[in-house]
């Protein structure tokens, strides 16, 4: 991603497309309202954060390409070249999905 570079420990993520099967339970379609409290996203770009206690920059807790779980409501959305991205902070990451 050349057009957008995060700073001060911020993380740029993009939504992961949900499969239609995720919204089905048997033959019942589950409304998207149940999925709005948390969202799985893919990390697009990260930045280092300055640690004032150590006096140095430390790497981010996630890496480019990781899939993470974040709360939905606390994100700032931005659109670049028709693609939607979100800017989050490391403390908004709830979990990292291991492959």
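Brief remarks on what is shown
- Convex hull of alpha carbon positions in the range 41-86: directionally averaged projected area 4.3 nm².
- Full-stretch length increase - residue 84, residue 99 - with 0.36 nm per residue and alpha-carbon distance subtracted: 3.0 nm
- Computed FRET value (nearest 0.05) for residue 17 with residue 91, which takes r as the C-beta separation and R₀ as 25 Å: 0.45
Throughout, read-outs are computed from the coordinates displayed, never taken from laboratory work. Values in this document were obtained by computation on a predicted structure and should not be read as measured data. Because the Cβ atoms are built from the backbone with ideal geometry, glycine has one as well, and the counts that use them run over all protein chains shown.
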